[in-house]
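The values are calculated or read from the model by the stated rules, or taken from the named source; none is laboratory data. Everything numeric in this text was worked out from a predicted model, so none of it was measured. Positions of Cβ are backbone-derived with ideal geometry, glycine not excepted, and every protein chain shown enters the neighbour counts.
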Amino acid sequence: MKQGSRKDGAITLGTIEEGRRRNMRQLLLRASRIVNRHVVEGLHARGYTDLRSTHTTLLSNIDLAGSTVTVAAERAGITKQAMGRLATELEGAGYIRVQGDPNDARARVLQLTKTGKRLMLDSLKVMAELELRYARSVGRDRLAVVLRGLAAFVEGAERD
């Protein structure tokens, strides 16, 4: 019998907690936080010591050619104001440039600077190293299955 369950089938806090730990949303959120923490640690080791984990919310949601604050915020699932604060911090650190949109006077466009592009390249290297580390931890084949499954899930969910 599972911890927290009862013979009469009543739901207990233990069964709810177990369900939360094992549901897809919780697992994806936990995995994302772990990977994000490891990426930031790897970037700190490469000299990007002013980068915080919250900054990845902006960096992972802008196109390399640039994106508006509104688009980046929608992708990240945060408010335009919160994205604007991140943009101000990253602009101050020299990773992005914030410019007016020539097509919309109200919009602001976020573009990577040369330093920001170097950061993005270094983050790809960090991610490749992490994937090797994770492959050693859980097995190369198991990691490959997870990555293929996630890619298929994302593609399918984005079509729906």
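Here are a few things to note about the model shown:
- Only residues that are touching a residue at least 12 places away in the same chain (Cβ under 8 Å) and either surrounded by fewer than 13 Cβ atoms within 10 Å (Cβ to Cβ) or within 29 Å of GLY47 (Cα to Cα) (or both) were counted across the stretch 105-124, and they come to 13.
- Considering (1) surrounded by 12 or more Cβ atoms within 10 Å (Cβ to Cβ); (2) at pLDDT 75 or above, the lone condition that GLY4 does not fulfil carries the number (2).
- Looking across the stretch 72-104 at every residue that is crowded, with 20+ Cβ neighbours inside 10 Å and over 17 Å from the mean Cα position of the chain (by Cα), the one that is farthest from GLY42 (Cα to Cα) is identified as ILE96.
- Subset of the stretch 125-160 [among the acidic types (Asp, Glu) and either in a helix (DSSP H, G or I) or in contact with an Asp or Glu (Cβ under 7 Å, 6 or more places away or on another chain) (or both)]: GLU129, GLU131, ASP141, GLU155, GLU158
- Restricting the stretch 34-58 to residues that are of a type in the set (A, V, I, L, M) and assigned to a helix (DSSP H, G or I), the residue that is surrounded by the most Cβ atoms within 10 Å (Cβ to Cβ): LEU58
- Against the criterion of being farther than 19 Å from ASN36 by Cα, charged (D, E, K, R) and touching a strand residue (DSSP E or B) at 6+ places or on another chain (Cβ under 7 Å), ARG140 does not qualify.
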